[in-house]
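J.: Below is a structure I'd like to ask you about.
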Amino acid sequence: MADRTALARLPKVDAVLDADPLQSAGWRRSLARRAVQGALAELRTAVLAGKSVDIPDAAALAETVAARLTSWARPRPLRVINATGVILHTNLGRAPLSSEAIAAMADAARYCDLEVGLYDGKRGSRFAWLRPFLCSVIGAEDVHVVNNNAAALLLACTVLGAPGGVVLSRGQMVEIGDSFRVATMAGAGGMRVVAVGSTNRTHLRDYAQALDGEGPDAEGVPASALLWCHQSNFRQEGYVKEVGLAELAKLAKARNVPLIADLGSGSLGAGLPAVEPTISEYLDQGVDLVLASGDKLLGGPQAGIIAGTAEYVERCRRFPMARALRPDKTTIAALHATFAAHAREGTPALPLHQMVALHEDGLRARAEALCSKLGWGAERVVDLPAAIGGGSLPGDTMPSVGVWVPCDKPAARARALRLGDPPIIGRIEDERLLLDLRTVDPEDDGALVEALAQG
Ligand SMILES: *Cc1c(COP(=O)(O)O)cnc(C)c1O
């Protein structure tokens, strides 16, 4: 039963606004008013739902609302310590940027020469100085950059799929996560996506038929482009057949239609497991346009890379939709710094590549030092599998080392660590709270010790 007398005891909005600490906190009054109204509405809903509610007085509610506004206005997102062992953790912002990339972003955030030639003072393009550099590092005729890989897919399929649509194998109808599906995004601009083959097997003749407008899904209309999608986050085994990329490229050439390949991960090769295909390997096999993310195996900011033949890249760049998908100046700055790291010999000086390269011995030494500072026994140092993540190299893990946090209630302890400053994100496995050191910056080991000492 709802307690009607409780509703009558709710404080008045103006009384809350005039009570300290809200009165003195300096928030815009219209904002504070909406926040108070929101808090009152929550109380009213709880009362009407029959819950037992302590009705606050004006001062108490003012304090609650002031705390809520302070929390809303804290700088966000918060930096966290990633102790999950998943290097490209989508929920934690994927690739951490290099200090050079971060500095470049901060510089670009002020006034910068984004679209002006410093020599002649004339208006230029934001991509002008980026393009030749990216083309050379990737080894592509031309490159265009958009907001993310989903945007690259949308743009490439909308432009090159006209008029008959793109052909995609059912075996490559990948879902990336959080309901993002490649086939849906390829068709999001209104372009037709013709599904061919079956889940486990697709043949070259399936593609050829769709280009002829034949087969169950072509409905008599010849398709205009071929789309290939890297099965980035899963693997098929058993009675399976996928047409090879080179074979598909031959068909595309013979029919004079473009072949778009969504690689997703965007490896450039150096410092990463060789099983993951690189952008240039795709291009070498005759793909016309390769699409890749900037914040997966490239190790940079969120961006979409469209690399390929000059004619097709140019058509994407000129298409009106491209303007709506363009990256901002800080992304361009970070991307440039990321490619500068890829331009050098050896393992790129990027956090992703450095973390992949870490040797177990070094990780074990850090885990042991951590445990000894905390007075924990040697059994707290544990071998763990770490993953690159970000929808790349499914099932592939690398040996890593971490600590097993002593506690009675792992979920409660994990939450306490998440709510610390800085928040620490671990993982729970078999009722054990684990902190993997591969993804923790060694500079943060001290912060780990401090947080864990409060256990
Ligand atoms: C990750 C991924 C995408 C989406 O990339 P975003 O940069 O997150 O938009 C698209 N296709 C494939 C194959 C992917 O792996």
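J.: Quick check: net charge around Gly124, other residues with Cβ under 14 Å of its Cβ, Lys/Arg +1 and Asp/Glu -1?
T.: With Lys, Arg at +1 and Asp, Glu at -1, the net is +2.
J.: Answer rounded, prolate or oblate for the range 199-330, using the Cα gyration tensor with square roots of eigenvalues a ≥ b ≥ c: rounded when a/c is under 1.5, else prolate when a/b is larger than b/c, else oblate.
T.: Oblate shape, in that a/c is at least 1.5 and b/c is the bigger or equal ratio.
J.: Same structure again: Taking K and R as +1 and D and E as -1, what net charge do the other residues with C-beta under 11 Å from the C-beta of Trp228 add up to?
T.: -4
J.: How big is the dipole moment of the chain about its Cα centre under a simple scheme where the beta carbon of each Lys and Arg is +1, that of each Asp and Glu is -1, and everything else is neutral? Debye, nearest 20, please.
T.: Computed charge dipole of the chain: roughly 1440 debye.
J.: Would you work out the charge dipole size for the range 245-335 about its Cα centre, treating the Cβ of every Lys and Arg as +1 and the Cβ of every Asp and Glu as -1, and quote it to the nearest 20 debye? Don't jump to the answer; show the numbers that get you there.
T.: On the way: 10 positive and 10 negative charges, 87 e Å.
Roughly 420 debye, rounded to the nearest 20.
J.: Oh, and also: Dimensions of the chain along principal axes (Cα, Å, largest first)?
T.: Result for the chain: principal-axis Cα extents of 78, 59, 56 Å.
J.: Just order 332-344, 397-409, 32-44 by mean Cβ neighbour count inside 10 Å, highest at the front, would you?
T.: Result, highest mean Cβ count within 10 Å first: 332-344, 397-409, 32-44.
J.: So, counting K/R as plus one and D/E as minus one, what does the shell of residues with Cβ under 13 Å around Lys296 add up to?
T.: That sum, taken over residues with Cβ under 13 Å, equals -2.
J.: Separate question: Of the listed peptides 72-78, 162-168, what is their order by residue-averaged count of other C-beta atoms within 10 Å, with the highest listed first?
T.: Averaged packing, sorted descending, gives the order 162-168, 72-78.
J.: With a 1.4 Å probe and every protein chain left in place, tell me how much accessible area Glu450 has, in Å² to the nearest 10.
T.: Counting only protein heavy atoms, Glu450 exposes about 130 Å² to solvent.
J.: Then there's this: Taking the Cα centre of the range 146-296 as the origin, how large is its charge dipole in debye, to the nearest 20, when only Lys and Arg (+1) and Asp and Glu (-1) carry charge on their Cβ atoms?
T.: The calculated dipole for the range 146-296 is roughly 160 debye.
J.: Tell me the relative contact order for the range 1-109 as a rounded percent, counting alpha carbon contacts under 8 Å between residues six or more apart.
T.: Details: 77 pairs, mean separation 32.7, N = 109.
Computed over the range 1-109, the figure is 30 percent.
J.: For the range 195-245, run through the trypsin sites (Lys or Arg not before Pro) and keep only the ones in DSSP coil with at most 11 other Cβ atoms within 10 Å of their Cβ.
T.: Arg235
J.: How do 92-98, 373-379, 243-249, 358-364 rank on mean C-beta neighbours within 10 Å, highest first?
T.: Ranked from most to least packed, the peptides come out as 92-98, 243-249, 358-364, 373-379.
J.: Can you give the accessible area per residue of the range 126-219, in Å², using a 1.4 Å probe?
T.: On the way: 3710 Å² over 94 residues.
Each residue of the range 126-219 exposes 39 Å² on average to a 1.4 Å probe.
J.: Taking the Cα centre of the chain as the origin and placing charges on Cβ (Lys, Arg +1; Asp, Glu -1), which of Ala58, Ala270, Leu358 is farthest toward the positive end of the dipole?
T.: Toward the positive end, the furthest listed residue is Ala58.
J.: When the convex hull of the Cα atoms of the range 57-209 is projected onto a plane and the area is averaged over all directions, what value comes out in nm²?
T.: For the range 57-209, the mean projected area of the Cα convex hull comes to 17.7 nm².
J.: Over the chain, calculate the relative contact order: mean separation of alpha carbon pairs under 8 Å at least 6 apart, over the residue count, as a percent.
T.: Value for the chain: 19 percent.
J.: Rounded, prolate or oblate: which fits the range 159-214, taking a ≥ b ≥ c as square roots of the Cα gyration tensor eigenvalues, rounded meaning a/c under 1.5, else prolate when a/b beats b/c?
T.: oblate
J.: What number do you get for the range 253-368 when its Cα radius of gyration is normalised by 2.2 N^0.38 Å, N = residues? Don't skip to the end; give the middle numbers.
T.: Details: Rg = 16.9 Å, N = 116, 2.2 N^0.38 = 13.4 Å.
The value comes to 1.26.
J.: If you build the Cα gyration tensor of the range 333-409 and take the root of 5 times each eigenvalue, what three semi-axes come out, in whole angstrom, biggest first?
T.: 31, 15, 12
J.: If you don't mind, there's one more thing I want to ask. Based on the Kirkwood radius over alpha-carbon pairs, what value in µm²/s does the Stokes-Einstein equation return for the translational diffusion coefficient of the range 315-455 at 25 °C and 0.890 mPa s? Kindly include the intermediate steps, with their values, before the conclusion.
T.: On the way: Rh = 17.7 Å.
So the translational diffusion coefficient is about 139 µm²/s.
J.: Send over the semi-axes of the range 1-145's equivalent ellipsoid, whole angstrom and largest first, taken as the square roots of 5 times the C-alpha gyration tensor eigenvalues.
T.: So the three semi-axes of the range 1-145 are 52, 21, 14 Å.
J.: Right, another one. Ignoring ligands, DNA and RNA, what accessible area per residue does the range 34-124 give at 1.4 Å, in Å²?
T.: 64 Å²
The values are calculated or read from the model by the stated rules, or taken from the named source; none is laboratory data. Since the structure is predicted, the reported quantities are computational estimates derived from the model, not experimental observations. Here the Cβ is made from the backbone with ideal geometry for all residues, glycine too, and neighbour counts use every protein chain on show. Note: areas computed on protein heavy atoms with side chains; ligands, DNA, RNA excluded. Shrake-Rupley method; radii C 1.70, N 1.55, O 1.52, S 1.80 Å.
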